[in-house]
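Each remark here refers to the structure printed beneath this line.
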Amino acid sequence: MTNALSPRLAAIVDALPLRPGMRVLEIGCGPGAAAHEVANRIGDGHVLAIDRSAKAIAQATAALQEEIAAGRLSLRCSAAEDFELAPDEAPYDIAFAVRVGALDGRHPEAGRLARRRIAAALVPDGRLFIDGGDPLREVALED
């Protein structure tokens, strides 16, 4: 894995309430640096990293072969506002996003839809974290 975490991304991953065995959804994964680090920290858990960019998914796929082969990580090309669990997919414990316009207030209508889609993909007490706090803030999933 050549995608080293920037100090900012490392602080964000450090702030996530991760625990072994957890299922984590990353929204807007880019080339996969944070997904890689989260996968390393949750042991036998699972990370699903999504991005609206097919190019980003291709980069992450190339960089994360070991985690994908081990079944600890999977990737999917999807925008947050279009995301749905696959029919046999278990829900996720937490979700996080860094620099995702639909969730940081830049695109309010997409944000409402994205929060609904994310809430539907999480366990009942699932939580969503985005950048913009110190270094994270939790976002309410209800409208």
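The values are calculated or read from the model by the stated rules, or taken from the named source; none is laboratory data. Computed from a predicted structure; not experimentally measured. Don't worry about glycine lacking a Cβ; one is built from the backbone with ideal geometry, like all the others, and counts go over all protein chains shown.
Points to keep in mind about this one:
- Note on segment 96-110: residues that are under 18 Å from Cys29 (Cβ atoms), of a type in the set (Gly, Ala, Ser) and either modelled with pLDDT under 95 or surrounded by fewer than 23 Cβ atoms within 10 Å (Cβ to Cβ) (or both) amount to 3.
- Across segment 89-143, the number of residues qualifying as of a type in the set (A, V, I, L, M, F, W, C) and assigned to a helix (DSSP H, G or I) comes to 7.
- The set of residues in segment 65-82 being closer than 25 Å to Pro20 by Cα and assigned to a loop (DSSP other than H, G, I, E, B) consists of Ala70, Gly71, Arg72.
- Residue in segment 66-76 that is within 13 Å of the chain's Cα centre (by Cα) and either farther than 26 Å from Arg106 by Cα or without any contact (Cβ under 8 Å) to a residue 24 or more places away in the chain (or both) present: yes
- Residue that is touching a helix residue (DSSP H, G or I) at 6+ places or on another chain (Cβ under 8 Å), surrounded by fewer than 19 Cβ atoms within 10 Å (Cβ to Cβ) and not β-branched (Val, Ile, Thr), where the choices are Arg76, Arg116: Arg76
- Against the test of being in contact with a Pro (Cβ under 7 Å, 6 or more places away or on another chain) and surrounded by 16 or more Cβ atoms within 10 Å (Cβ to Cβ), the options Ile27, Ile12 yield a single qualifying residue, Ile12.
- Scanning segment 1-37 for residues that are touching a strand residue (DSSP E or B) at 6+ places or on another chain (Cβ under 8 Å) and in a loop (DSSP other than H, G, I, E, B) turns up Leu16, Pro17, Leu18, Met22, Gly28, Cys29, Gly30, Gly32.
- Pair list, Cβ < 7 Å and 6+ apart or interchain, from segment 36-60 residues that are free of Cβ contacts under 8 Å to residues at least 24 places away in the same chain and more than 13 Å from Gly21 (Cβ to Cβ) to residues that are assigned to a helix (DSSP H, G or I) and not charged (D, E, K, R): none
- Residue satisfying all of: in segment 53-65; surrounded by fewer than 21 Cβ atoms within 10 Å (Cβ to Cβ) and of a type in the set (A, V, I, L, M); nearest to the chain's Cα centre (by Cα) among these: Ala56
- Within segment 30-45, the residues that satisfy the criterion of being buried (at least 19 other Cβ atoms within 10 Å of the Cβ), over 9 Å from the mean Cα position of the chain (by Cα) and not acidic (Asp, Glu) are Gly30, Pro31, Gly32, Ala33, His36, Val38, Ala39, Ile42, Gly45.
- Conditions (1) buried (at least 23 other Cβ atoms within 10 Å of the Cβ); (2) in a helix (DSSP H, G or I): number failed by Ile50: (2)
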